Structures are given as C-alpha cells and as structure tokens.
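Since the structure comes first, as structure tokens, the remarks are kept for the end.
The values are calculated or read from the model by the stated rules, or taken from the named source; none is laboratory data. A quick note: this is a predicted structure, and the numbers were derived from the prediction, not measured. Methodologically, a virtual Cβ is constructed for each residue, glycine included, from the backbone with ideal geometry; neighbour enumeration extends over all protein chains shown. Note: areas computed on protein heavy atoms with side chains; ligands, DNA, RNA excluded. Shrake-Rupley method; radii C 1.70, N 1.55, O 1.52, S 1.80 Å.
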Amino acid sequence: NNNNNNNNNDNQANALVEYEPDPKYFIFKNEVPNVVKMHVRPLDLKDWIRVDATFPAHMALRASILADEAKIPDVFVSSDLASTRLAKYEVLDMLMDYLPKRYPTLYEQRSAEAAKGLHVRATGDTVWLSGSGGGGGGGGRAW
C-alpha cells in the first residue's frame, strides 16, 4: 500500500513539474595526466540545484536507504565537529530558501514554533532546520 502512495506521489510530482533536460556537463575536457585542475566556473544561483526527470527515482532510492537505519552510515557521511556544523546549517538554510522559490511544485517552506522546515511534496517528508523536530505534522528529520 505504501508503494501505491509513493507511486501516486511520484505521478503527482511528475504532473506538476516540467523537468529540465539533463545538462550532460562533462568537466574533464583536455585532461593532462598527473595535473590537477580545479574546473571552477561562475555559478548562476538560479541554476544552483537542477531537478531533472531522475528526481522521482532519486527520492525513491533516498526513501529506501533511510528506511534501513543500517544503510545510512554507508551512504551518508558527515562530521559532527563544531567547525563543520555552521557550514552545514548555512547550506541547509540556503536550500530551504532556494528550493521552494525555484521549484514551488516540489518544495514548500514550513514553520512551527521556532523551527524552519522544508517539505518535499513528492515524498511527504519534512526536514526541520531546528532541533525541535518541528511538531508541525508530516513527520520528518531534524537537523
């Protein structure tokens, strides 16, 4: 029955989104053996995160990984050092502002008490920036 709900969510997301074509970027042109290149180029923030037709499959894979607690350490590695915590919160905060504006049919900002959340419409999940867990319904993870 959960598979039917996930399929319905995927179908709703697919109906609401006109996916961008795969940009097929290949940054390793003219490589020279044993020479490291940075491949740095300007970034237009409107295209910072791109959603393409693989989005539903990625969300399904994410859900299957998160459903098995034993798999999480194998695919998600993050340092708990204080020196990295602020950077992670900064990126998550940027994503919480950016994604609902860029992809309003896929993401929605949520708030509950002092918590700021990002709701993923395709999965029904909500990620809360505050450690409070949100409490605004819809379940989710607190970061």
Ignoring ligands, DNA and RNA, what percent of the accessible area of region 52-114 is carbon or sulfur (1.4 Å)? 62 percent
Label-to-label distance, nm, for residues given as Leu92 and Ala70 (7 Å Cα→Cβ offset): 2.7 nm
Between Thr84 and Asp44, the two model label points (7 Å from Cα along the beta-carbon direction) sit apart by a distance in nm of 3.3 nm
How many Å² of accessible area per residue for region 30-116, probe 1.4 Å? 75 Å²
Heavy atoms of the protein only, probe of 1.4 Å, neighbouring chains included. What is the accessible area of Met94 in Å², nearest 10? 80 Å²
